[in-house]
1. Would you say GLU71 is open to solvent by 50 Å² or more (accessible area, probe 1.4 Å), under 28 Å from PHE394 (Cα atoms) and either of a type in the set (D, E, K, R) or at pLDDT 90 or above (or both)?
2. Among what's in region 283-292 and is under 20 Å from LEU189 (Cβ atoms) and without any contact (Cβ under 8 Å) to a residue 60 or more places away in the chain, pick the residue that is surrounded by the most Cβ atoms within 10 Å (Cβ to Cβ).
3. Mind listing whichever residues of region 324-338 are farther than 21 Å from ALA266 by Cα and in contact with a helix residue (DSSP H, G or I) (Cβ under 9 Å, 6 or more places away or on another chain)?
4. Kindly indicate whether THR362 is hydroxyl-bearing (Ser, Thr, Tyr), open to solvent by 30 Å² or more (accessible area, probe 1.4 Å) and in contact (Cβ under 8 Å) with a residue 24 or more places away in the chain.
5. Given the conditions (1) modelled with pLDDT under 85; (2) under 30 Å from ALA15 (Cβ atoms), report the number of the one that THR106 does not fulfil.
6. Select from region 188-236 the residues that are open to solvent by 60 Å² or more (accessible area, probe 1.4 Å) and in contact (Cβ under 8 Å) with a residue 60 or more places away in the chain and write down the one among them that is nearest to VAL145 (Cα to Cα).
7. Report, by residue number, each residue of region 316-359 that is in a helix (DSSP H, G or I), among the hydroxyl-bearing types (Ser, Thr, Tyr) and open to solvent by less than 50 Å² (accessible area, probe 1.4 Å).
8. Go through the residues of region 369-380 one by one and say whether even a single one is open to solvent by 50 Å² or more (accessible area, probe 1.4 Å), charged (D, E, K, R) and touching a residue at least 24 places away in the same chain (Cβ under 8 Å).
Amino acid sequence: MSVKIYDVEKKSPAAKARIKKGSTLVSINSNEIMDVLDYRFYQKEEELNLVVRNEKGKEKTYKIKKGEDCELGLVFDSYLMDCQHSCKNKCIFCFIDQLPKGLRETLYFKDDDSRLSFLFGNYITLTNLTEHEIERIIKMHISPVNISVHTVNPELRCAMMNNRFAGETLDIIKRFDDAGIKMNFQLVLVPGYNDGKELERTLTELSRYKNVECIASVPVGITKFRDGLEKIEPFTKETAEKVIEITDKIGEICKKEYSNRLVYAADEFYLLAEKPLPSFEEYGDFPQLDNGVGMWTLFEKESEDALNEVQPPVLPRNISCVTGVAAYPLIKSTVDKATLKWHNLNCKVFPVKNNFFGEKITVAGLVTGSDIINQLKGENLGDTLLIPSNMLRFERDLFLDDVSVLDLEKELGVKVKITEPDGYSFIEALSE
């Protein structure tokens, strides 16, 4: 496979070699270029032989010398250079299968792309990897790789993922470990399936790999749109307590053997079980924040530090903010501390119930614009309404239900300010 050059950056080594946009990159130093990882890896060399095919089909070799840290300067139409690899599994817990009809098309895409795992931290199941991709990850030492494991029981993994090859692909983990590839593991836990003894087995076996960096367990998300799907139950206070008990047990063993806890349960388990979360020090470098592991503890620490550093508002502030039901106690407590210290701050905190996906979904990142409008209309929201950026898509303009920030301002009659989802930024937003 070869890739078309969309553009050439001015004054770059490629531009100086007079490579033209519209031509096709065939290889670098005799290595075929199939996608962004090939290009990023092979263009690092100081001496390059590029085979380029022009629009008439004629190939030419360009010899280029450049600094090791200097970019070659080729631009491609697609960042991946080909289509994104989709997931071929039909997992019983898949959140995308639980989405209602009529949402924007991109929300229904099931990602399982090893390149995005390396570039953006996405998690992959390994079931989509070709032998070429496995060998390339090892050759290029692409690290870390983020893997959705769920269970190390091959038969159970096949059943949970509805893929008869899902158990076999667990062998890839050992190949990566033997090659020194760092790995982060994710377990989506489903009560009655991969919790209990199966969870203990999975955590025990995964924690023995030399190159494991972190293992995170997260609870299955259940929307109200499960018609026709396998019946699964949400976690209860008791089953969440059991997950924490097993996690803490294996975590203590890991600390003794490896001086690293390694295994964590997502914050949702602690909130559901009404148990105190681990201390700030227990989370180390907070390696799995995107999985909701340690977010609560880190937010508390960041907001406390910010309250000691950020200047109070100069003028009286009358504002409001929204969050999900799960995070409401944390945000309300943070705002109470700020208003106690800053006497000219008045801020209302509104927990938004998730009527769109169902009230079992309580995280802030899945709150929709329509639910905010329906639940806050008629409320005195003050001068500004703060909303966390994780409620919006990457462009920070639309909620999951395609309600825009402008729609929110129009319907609620208030200025909307988007805040970053960390404690320090939140305190700064309260003071501005």
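The values are calculated or read from the model by the stated rules, or taken from the named source; none is laboratory data. These figures come from a predicted structure and were not determined experimentally. Glycine gets a Cβ as well: all are built from the backbone with ideal geometry, and neighbour counts include every protein chain shown. Keep in mind that these areas ignore ligands, DNA and RNA; they rest on the heavy atoms of the full protein, side chains included. Shrake-Rupley method; radii C 1.70, N 1.55, O 1.52, S 1.80 Å.
1. The answer is yes for GLU71.
2. Looking at residues that are under 20 Å from LEU189 (Cβ atoms) and without any contact (Cβ under 8 Å) to a residue 60 or more places away in the chain, I get TYR283.
3. VAL335, LYS337, ALA338
4. Yes.
5. (2)
6. GLU213
7. The answer is SER333, THR334, THR339.
8. Yes, region 369-380 contains at least one residue that is open to solvent by 50 Å² or more (accessible area, probe 1.4 Å), charged (D, E, K, R) and touching a residue at least 24 places away in the same chain (Cβ under 8 Å).
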